[in-house]
Amino acid sequence: MQMRKDWDRYFIDIAFEVGSRSTCPRRFVGAVIVKDKKIKATGYNGSPPQLPHCLDEGCLMRDNHCVRTIHAEVNALMECDPEDRINATIYVTDRPCAECSKLIIAAGITRVVYARDYPMDCDWLALAPGIEVVHHPRTEATPEAT
């Protein structure tokens, strides 16, 4: 008999599915904002509207980072009603970078669940009081950076 997925696994799996829409081939990242077990917004990394995508024009690299794309967390935050961010959980395929972490904190999100680690100089989420950070690794094969 198959066991039912817990909520964290369910929403992390959805974040990976959202990430499959990414338009930057360096990393397929997805984010899902959830409140009261309801999806409030999703986002994936990709170029701003009306601008070329990495898949079409190649990555625009600066200091070993693609600067053409908006990160998945930012896109999800932009799609989410401000009141739905307060005390919500964000599920992300990858641990948020320093800049996304600061935006998550400022948005009022109080729980971050991620599947893959991401190296960073400063772990803003660990410094913020009242934010729970959960590493929920995924065992199934997932799109990785190339």
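The values are calculated or read from the model by the stated rules, or taken from the named source; none is laboratory data. All values reported here derive from a predicted model rather than from experimental measurement. Positions of Cβ are backbone-derived with ideal geometry, glycine not excepted, and every protein chain shown enters the neighbour counts. With ligands, DNA and RNA removed, areas are computed over all heavy atoms of the protein, side chains included. Shrake-Rupley method; radii C 1.70, N 1.55, O 1.52, S 1.80 Å.
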Problem - Potential extension, LEU55-LYS5 segment - 0.36 nm per residue separation minus Cα distance - result: 14.7 nm
Handout entry: Distant-in-sequence amide H partners of ASP94 (H built 1.01 Å from N, under 5 Å)
Key = GLY30, ALA115, ARG116
Exercise for the section: Taking only protein heavy atoms into account and a 1.4 Å probe, give the accessible area per residue of the range 7-127 in Å². Expected result: 50 Å²
Exercise for the section: Measure off, as a whole percent, the carbon and sulfur share of the 1.4 Å-probe accessible area of the chain, all protein chains present. Expected result: 53 percent
Completion exercise
One would report the Cα pair-distance distribution of the range 7-127, bin width 10 Å, in %, as 15, 48, 31, 6
Exercise for the section: Provide the percentage of antiparallel DSSP beta bridges, counting only those with both residues in the chain; round to the nearest 5. Expected result: 60 percent
Practice task
Starting with the highest mean, order 120-127, 43-50, 92-99 by the number of other Cβ atoms within 10 Å, averaged over the residues of each peptide.
Solution key: 92-99, 43-50, 120-127
Problem - LYS40 long-range amide H proximity, modeled H, under 5 Å - result: ILE33, VAL34, LYS35
